[in-house]
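These notes concern the structure reproduced below.
The values are calculated or read from the model by the stated rules, or taken from the named source; none is laboratory data. Every value quoted in this text rests on a predicted model; they were computed, and no experiment measured them. Cβ: placed from backbone, ideal geometry, glycine included. Neighbour counts: every protein chain shown. Protein only, heavy atoms only, side chains kept; ligands, DNA and RNA dropped before computing areas. Shrake-Rupley method; radii C 1.70, N 1.55, O 1.52, S 1.80 Å.
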Amino acid sequence: MTKSEIVTTDAGDARLTWHPGRKPWAVLALSHGAGGGIEARDLRALAAALPAEGVTVALVEQPWRVAGKKLAPAPKTLDTGWRGIWPALAKPGLPVIAGGRSAGARVACRTGKELGATAVLALSFPLHPPGKPERSRADELLGAGLPTLVVQGGNDPFGKPEEFPEGEYGLVEVPYSDHGFAVAKKAALTQDEALELITRAVSGWLSSLREC
């Protein structure tokens with residue numbers, strides 16, 4: 001059974017939606033991107049699949065989203081909101097994996113080590129703005145300083161898998177999919193298969209963290 005709670009931060013009120021794990025051993029905190037909320041297909045898929053494997057999933061809605069605003073604030077403000085949410089994420093007393101999609105992935109990379117996360121999950125990491133590879137954000141990813149997994153769409157205009165620099169992180173490609181992991185009907189991979197690939201990859205990675 002899911003449970004929602006409001007958490008007050010210096011950036012405003014945020015919302016956590018908890019998907020409790022069965023005999024939980026970790027919390028996976030996942031935030032949304034700048035263009036959508038926790039209804040994103042990859043976030044929903046992970047929240048549905050991982051609790052059965054002992055991972056409590058906390059879907060995080062940043063204050064700007066809770067307030068009904070259409071545009072995300074500056075990265076500094078996103079980081080402030082995330083820092084304010086963190087005590088609630090750590091309250092269950094379990095290891096916390098920081099994660100998110102797109103802008104949420106950037107926040108997790110920038111703040112994870114500082115806040116005491118055990119690892120970072122970066123879904124659809126926006127390596128650069130579409131069509132502007134010279135404006136790379138690779139330093140955020142490479143500077144995470146924690147075990148990190150990137151799950152990236154094969155046709156993501158914010159950075160295709162082959163554009164990512166070498167580094168000490170894992171990278172899983174979801175073929176044919178875009179920034180939102182949407183797959184065209186004519187692709188050789190169905191939408192359900194794409195989501196299954198994501199959940200399977202993340203599940204395997206989380207299991208490897210548990211064994212460390």
* Asked: Size of segment 1-82 along its principal axes in angstrom, Cα-based, largest extent first?
  -> 36, 24, 19
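Applying 1/(1 + (r/R0)^6) with R0 = 30 Å to the Cβ-Cβ distance of Arg210 and Glu39, what FRET efficiency is obtained, to the nearest 0.05? Show your work: numbers first, answer last.
Numbers: r = 28 Å, r/R0 = 0.95.
Rounded to the nearest 0.05, the efficiency is 0.60.
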* Largest-first principal axis extents of the Cα set of segment 167-212 (Å) -> 40, 23, 16
* To do: Report the normalised scattering of segment 101-212 as log10 I(q)/I(0) at q = 0.12, 0.17, 0.19, 0.22 Å⁻¹, calculated by the Debye formula with identical scatterers on the alpha carbons.
  => -0.40, -0.79, -0.97, -1.22
* To do: Determine the relative contact order of segment 64-150: mean sequence separation of Cα pairs under 8 Å and six or more apart, normalised by residue count, in whole percent.
  => 24 percent
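Mind scanning Lys3/Lys113; Lys23/Lys113; Lys3/Lys70; Lys23/Lys69; Lys3/Lys69; Lys160/Lys185 and naming the pairs with a C-alpha gap bigger than 30 Å? Let's see the in-between values first.
On the way: Lys3/Lys113 27 Å; Lys23/Lys113 26 Å; Lys3/Lys70 25 Å; Lys23/Lys69 37 Å; Lys3/Lys69 23 Å; Lys160/Lys185 20 Å.
Lys23/Lys69, as the Cα separations exceed 30 Å there.
How much length would be gained if the chain were fully extended between Trp25 and Ala187, taking 0.36 nm per residue of separation minus their Cα-Cα distance, in nm to one decimal? Intermediate values should be presented prior to the final figure.
Values: separation 162, 0.36 × 162 = 58.32 nm, distance 3.70 nm.
Full extension from Trp25 to Ala187 adds 54.6 nm.
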* Cα-based Rg (one decimal) and Dmax (whole number) for segment 43-166, in Å? -> 14.5, 43
* Lys113: accessible area at probe 1.4 Å, nearest 10 Å²? -> 130 Å²
* To do: May I ask for the equivalent-ellipsoid semi-axes of segment 62-134, computed as the square root of five times each C-alpha gyration tensor eigenvalue and listed largest first in whole Å?
  => 22, 17, 9
* Asked: Over the Cα atoms of segment 112-168, how large are the radius of gyration and the largest Cα-Cα distance (Dmax), in Å?
  -> 11.5, 35
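Looking at the chain, do any whole DSSP H helices span at least 30 angstrom along their long axis by alpha carbon and average -0.5 or above on Kyte-Doolittle, and which? Display every interim value, and only then the final one.
Values: long enough: 191-211 (31 Å, -0.16).
What comes out of the filter, once short or polar helices are dropped, is 191-211.
Mind giving me the FRET efficiency for Ala48 and Asp139? R0 is 35 Å, r the Cβ-Cβ distance, nearest 0.05 is fine.
It comes to 0.55.
Please state the relative contact order of the chain as a whole percent: Cα pairs under 8 Å, 6+ residues apart? Before the final figure, lay out the partial values.
Working: 459 pairs, mean separation 34.4, N = 212.
16 percent.
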* Kirkwood Rh and Cα Rg combined as Rg/Rh, the chain -> 0.94
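With a 10 Å radius around each residue's Cβ, average the other Cβ atoms per peptide and rank 136-144, 91-99, highest first. Let's see the in-between values first.
Details: 136-144: 17.1, 91-99: 20.0.
Ranking the peptides 136-144, 91-99 by packing returns 91-99, 136-144.
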